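The structure appears below as structure tokens.
The values are calculated or read from the model by the stated rules, or taken from the named source; none is laboratory data. Model, not experiment: these values are computed from the prediction. Every residue, glycine among them, receives a Cβ derived from its backbone with ideal geometry; neighbour counts consider all protein chains shown. The accessibility values were calculated without ligands, DNA or RNA, using every heavy atom of the protein model including side chains. Shrake-Rupley method; radii C 1.70, N 1.55, O 1.52, S 1.80 Å.
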Amino acid sequence: MKKNILYLLYALLLVACGGGDDGGGNAPSGGNEYLNVQDVDIPGGNTTATLYITASQNCEWIITWSESWIRSINPTKGRGSQNATISVTLNPSSTATRTAVVKVSNVSGSIVRDVTITQSPNAEALDLSMSSMNFNYTTGSQDVTVTSNTHWTISGKASWMALSTMEGDNNGSVTVTVEANKSKTEREAVLTFTGIGGITKQLIVKQQGDTSTDFHVSTNELTASALAETVQFDIIGDARWTLSSNQNWATPNQQTGEGNATITISLSDNTNEQEREAVITVRSDSKTETVTIRQAAPVIPGGDDNTPPDV
């Protein structure tokens, strides 16, 4: 009698446990229909993973998701136990884990399983669009593109250059601007881009020395009256030059310069009885040119014989 009662209670318990599923946990559901799934961990740098689905043969299931970094899941529909391949993009961060929720449910919707997809940080990446920059001796700017998934900083900036930024996050661009190199010697600096994990890339910046030496003057001779006045000539070219006068009565408005310039020479009155001459010398590192200024003698009233008039 007691044994029959125990069998009856066991049968009632089976009936009670065979009811509908509330969707929680991984327990079987819906009578003989059941559906189980496992969370998925994707290592950093990987773009595929396997989703394991355990289901009764009479359970038809579908997979849905919303996160854009999950490119595809194949298949998205099936019956019974089966594996699905998950395809994802690379994690753009080298420090942050990202997660997404994939839903696996039976066709009727009475069973819904949430699968957590966890992707670890990617390996730190840092690259530059160029390894070297070359400038001529004049002022100039160039851009370098940074491709990265991490925070990066720049060290090694020289005093003769400016950078648009000294640090950045992930992809970016840096403008390198150099001053004019007034030396004849080439100069160089090495910019080091460093990620927070220690990855480094270097950019070598070179600037030529000032090799400009060619120029010419617009005229080699100038004439002037005996009275105080100014005369002018042009220096034409890209050279760096110096200028001097061999007479203190002929004073140039500048002694040094670079490239094109208009030079003004101030002349004092010629109080001598004869024409006089001054030589202006213009020099670069490899060339010398001269401009000769001839100032007329003064005109003396009363004639040329200097004889005093009759009394």
Worksheet entry | Count of the stretch 56-92 residues which are within 11 Å of Val104 (Cβ to Cβ), touching a Leu at 6+ places or on another chain (Cβ under 9 Å) and part of a loop (DSSP other than H, G, I, E, B) | 1
Practice prompt. Please work out if Thr116 is under 30 Å from Ile70 (Cβ atoms) and more than 11 Å from the chain's Cα centre (by Cα).
Written response: yes
Fill in: Failed criterion for Asp143 (all others in (1) open to solvent by 10 Å² or more (accessible area, probe 1.4 Å); (2) assigned to a strand (DSSP E or B); (3) more than 26 Å from Thr194 (Cβ to Cβ) hold)
(3)
Worksheet item: Do we find a residue being in contact (Cβ under 8 Å) with a residue 40 or more places away in the chain, closer than 25 Å to Pro92 by Cβ and touching a Phe, Trp or Tyr at 6+ places or on another chain (Cβ under 7 Å) anywhere in the stretch 145-153?
Response: yes
Worksheet item: Among the residues of the stretch 108-137, which ones are exposed (fewer than 15 other Cβ atoms within 10 Å of the Cβ) and polar (S, T, N, Q)?
Response: Ser108, Thr116, Thr118, Ser129, Ser131, Ser132, Asn134
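Quick check on my filter: what residues within the stretch 37-55 are assigned to a loop (DSSP other than H, G, I, E, B) and in contact with a Lys or Arg (Cβ under 9 Å, 6 or more places away or on another chain)?
Pass one, the stretch 37-55, residues assigned to a loop (DSSP other than H, G, I, E, B): 38-39, 43-47.
The answer is Thr47, and nothing else.
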Discussion item. I'm trying to understand the selection: among the residues of the stretch 155-204, which are of a type in the set (A, V, I, L, M, F, W, C) and without any contact (Cβ under 8 Å) to a residue 12 or more places away in the chain?
Written reply: none
Worksheet item: So Gln274 fits all but one of (1) surrounded by 14 or more Cβ atoms within 10 Å (Cβ to Cβ); (2) part of a loop (DSSP other than H, G, I, E, B); what number is the exception?
Response: (1)
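For the stretch 92-107, which positions are open to solvent by 30 Å² or more (accessible area, probe 1.4 Å), more than 30 Å from Leu191 (Cα to Cα) and under 45 Å from the mean Cα position of the chain (by Cα)?
Thr97, Arg98, Thr99, Val101, Lys103
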Item to complete: Just one of (1) out of contact with any Gly (no Cβ under 7 Å at 6 or more places or on another chain); (2) open to solvent by 60 Å² or more (accessible area, probe 1.4 Å) trips up Asp238, so point out which.
Response: (1)
Worksheet item: Does the stretch 211-221 contain any residue that is surrounded by fewer than 14 Cβ atoms within 10 Å (Cβ to Cβ), touching a residue at least 40 places away in the same chain (Cβ under 8 Å) and among the small types (Gly, Ala, Ser)?
Response: no
Fill in: Extreme residue, modelled with the highest pLDDT, among residues of the stretch 247-261 that are open to solvent by less than 60 Å² (accessible area, probe 1.4 Å) and within 13 Å of Phe215 (Cα to Cα)
Ala261
Worksheet item: Which one of the conditions (1) of a type outside the set (A, V, I, L, M); (2) open to solvent by 60 Å² or more (accessible area, probe 1.4 Å); (3) closer than 30 Å to Ala180 by Cβ does Thr264 fail to meet, given that it meets all the rest?
Response: (2)
Item to complete: Please find, within the stretch 157-210, the residue that is most open to solvent (accessible area, probe 1.4 Å) out of those that are of a type in the set (Lys, Arg) and over 15 Å from Thr147 (Cβ atoms).
Response: Lys182
Item to complete: Kindly provide the set of residues from the stretch 279-296 that are touching a Leu at 6+ places or on another chain (Cβ under 8 Å) and either small (Gly, Ala, Ser) or under 16 Å from Ser225 (Cα atoms) (or both), ordered by number.
Response: Thr292, Ile293, Arg294, Gln295
Discussion item. Against the condition closer than 23 Å to Asp285 by Cβ and modelled with pLDDT of 90 or more, how does Ser244 come out, does it pass?
Written reply: yes
Worksheet, complete the sentence: Filtering the stretch 140-182 down to residues that are at pLDDT 95 or above, among the polar types (S, T, N, Q) and farther than 30 Å from Ala96 by Cβ yields Ser141, Gln142, Ser159, Thr177
